[in-house]
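The values are calculated or read from the model by the stated rules, or taken from the named source; none is laboratory data. If you're wondering where the values come from, they're calculated on a predicted model, not measured in any experiment. Cβ coordinates were reconstructed from backbone atoms using ideal geometry, including for glycine residues, and neighbour counts include every protein chain displayed. Side chains are part of the model used for accessible areas, which takes the heavy atoms of the whole protein and leaves out ligands, DNA and RNA. Shrake-Rupley method; radii C 1.70, N 1.55, O 1.52, S 1.80 Å.
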Amino acid sequence: MTGKPIGFGGSLIRPEATGYGLVYFADEILKANGKSFKDQTVLISGSGNVAQYAVQKATELGAKVISVSDSNGYIIDETGIDFDLLVDVKENRRARLTEYAAEKATAQYVEGSVWSYDGHVDIALPSATQNEIDGPTAERLAKNGVYLVAEGANMPSNLDAIKVYKKNDVLYGPAKAANAGGVAVSALEMSQNSQRLSWTSEEVDSRLKDIMANIFETAKTTAEKYDLGKDYLAGANIAAFEKVANSMIAQGVV
């Protein structure tokens, strides 16, 4: 059994795992293309655990995350989302993002979808819900400068959106790999339990980072085996990525 309380053998950083893992996976894509999170503008949807901890980790890596969202609208904070305030509003108070905007002078709350934002963005990390990005939305992202989309939610980009990424050479980290951090930490939890160990947060985080790097390398190696070129990272070739994903599953990577 996984997801246990800490006192019953649960793993540390379980709430953070998917958000951290998303950013670690995206960072591997960036490094493979000679880039990094440093000084990049990032748009994130959602404001639950995945979004919150993606904000924290991307910021730690030097990015400026300017958005989070909820079911009614989104925050745009051009100075960067304040992680501590976000957690206080969402986790401690269980409040709406309007309270964040009310307390941060640089923040603006806008009703509607965060993907309607029309300013320059480098990286998009959809972390809210399935099918939140469609074809026209993806076209807007590409027009506004987005060159990488990595998915923290389950299948947030529909098929039309993925075709747009391919057409515009947008690097693409599909959810099947990019949001595997939660599953990875569950596997680490079972490993700790079987060995009667209790790893520190730092050790679990380090192992999570290594796992996400391994997932990326496995995807890359499998893509090269099938001669898929960059379709393993940026593409509408769903059948091609299914080969990659199924190979990764068969190897026990995800």
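Here are a few things to note about the model shown:
- Check on Ala51, open to solvent by less than 10 Å² (accessible area, probe 1.4 Å) and either out of contact with any Pro (no Cβ under 9 Å at 6 or more places or on another chain) or in a helix (DSSP H, G or I) (or both): yes
- Look at (1) charged (D, E, K, R); (2) at pLDDT below 75; (3) surrounded by 18 or more Cβ atoms within 10 Å (Cβ to Cβ) and you find that Lys209 fails only one, number (2).
- Of all residues in segment 92-111, exactly one satisfies the criterion of being open to solvent by less than 60 Å² (accessible area, probe 1.4 Å) and more than 16 Å from Ile66 (Cβ to Cβ), namely Ala95.
- When residues in segment 6-26 are screened for being buried (at least 23 other Cβ atoms within 10 Å of the Cβ) and either assigned to a helix (DSSP H, G or I) or modelled with pLDDT of 95 or more (or both), 10 of them pass.
- Ala245 modelled with pLDDT under 75 and farther than 30 Å from Pro136 by Cα: no
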